[in-house]
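The structure appears below as structure tokens.
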Amino acid sequence: MDNEKTNLDRPPTSKYVHAMTQPEIDQFLTCARVGRVGVLSKEGPYIVPVGFAYSEGKIFFHTCQREGLKMEAIRSNPHVCFEVDESLSDCSLAKSVIVFGRAEVIDDKDKMLPYLQKLIDKYRVPVSFGRYMSKGDRKAKEELAMVRICLITPDKMTGQSILRTNSNF
């Protein structure tokens with residue numbers, strides 16, 4: 001497949017479709033709220049929506065199960081596909097980024113904390129991890145024992161945007 005052209009390598013076929021630059025991809029991945037991770041399970045392809053963060057060129061999300069279909073698939077085959085998209089209802093603006101890469105599971109508490117902090121900063125009111133975990137009746141030690149971070153290191157990223165200045169089709 002190395003010598004074959006994929007759809008992602010072909011130039012856009014519409015005057016409205018444009019390849020995103022790396023800074024545009026970085027900004028989109030930083031701001032997007034939900035992504036989808038695609039893995040290959042024993043049963044076949046499996047796609048799961050996840051809340052995620054993007055920092056220093058890597059994508060990461062947390063999972064609250066040590067095992068399960070997603071984790072089992074990642075552990076047996078770390079090659080993953082990650083996708084983020086958004087679109088206005090009239091399709092006058094749409095963006096999509098696809099990332100191919102390798103996932104690794106981080107289960108060391110000290111290594112997980114910086115990633116968990118970045119997720120808290122993105123999805124909650126930015127406070128320290130310790131303060132966040134001390135709210136209410138949380139059992140920080142037990143919760144931390146269940147959490148894992150999946151870190152995706154990209155091999156290839158592509159992005160496309162559609163911008164129609166006149167939304168009349």
| Is it fair to say Pro78 is under 16 Å from Glu104 (Cβ atoms) and at pLDDT 95 or above? | yes
| Just wondering, is there one or more residues in region 33-51 that are over 26 Å from Arg124 (Cβ atoms), among the aliphatic types (A, V, I, L, M) and in contact (Cβ under 8 Å) with a residue 40 or more places away in the chain? | yes
| query | Mind checking which residues of region 149-169 are modelled with pLDDT under 90 and surrounded by 13 or more Cβ atoms within 10 Å (Cβ to Cβ)? | reply | Ile162, Arg164
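Name the strands (runs of 3 or more DSSP E) wholly within region 10-86 that hold at least 1 residues that are of a type in the set (Ser, Thr, Tyr)? Please lay out each step first, then the result.
Details: elements: 17-19, 34-41, 44-51, 53-55, 58-63.
Result: 34-41, 44-51, 53-55, 58-63.
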| request: Tell me which residues, restricted to region 88-98, are without any contact (Cβ under 8 Å) to a residue 60 or more places away in the chain and either hydrophobic (A, V, I, L, M, F, W, C) or touching a strand residue (DSSP E or B) at 6+ places or on another chain (Cβ under 6 Å) (or both). | output: Leu88
| note | Ser134 vs (1) closer than 28 Å to Glu24 by Cα; (2) among the hydroxyl-bearing types (Ser, Thr, Tyr); (3) at pLDDT below 90: all pass except (1)
| request: Enumerate the pairs (first residue in region 148-160 and closer than 15 Å to Ile25 by Cα; second residue anywhere and part of a strand (DSSP E or B) and of a type in the set (Phe, Trp, Tyr)) with beta-carbon separation below 9 Å, excluding pairs fewer than 6 apart on the same chain, so at least 6 apart or on different chains. | output: Pro154/Phe82; Pro154/Phe100; Asp155/Phe100; Lys156/Phe100; Met157/Phe100; Thr158/Phe100
| On the given criteria, is Lys111 basic (Lys, Arg), out of contact with any Lys or Arg (no Cβ under 8 Å at 6 or more places or on another chain), at pLDDT below 70 and part of a helix (DSSP H, G or I)? | no
| task | Determine, yes or no, whether Ser92 is surrounded by 14 or more Cβ atoms within 10 Å (Cβ to Cβ) and hydroxyl-bearing (Ser, Thr, Tyr). | result | yes
| Of residues in region 114-131 being aromatic (Phe, Trp, Tyr) and modelled with pLDDT under 90, the one surrounded by the fewest Cβ atoms within 10 Å (Cβ to Cβ) | Tyr123
| query | Out of the residues in region 34-56 that are over 14 Å from Pro154 (Cβ atoms) and hydroxyl-bearing (Ser, Thr, Tyr), which is modelled with the lowest pLDDT? | reply | Ser41
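The values are calculated or read from the model by the stated rules, or taken from the named source; none is laboratory data. Just so it is clear, the structure is predicted and the values come from calculations on it, not from any experiment. Cβ sites come from the backbone with ideal geometry, for glycine too, and all protein chains shown count toward neighbours.
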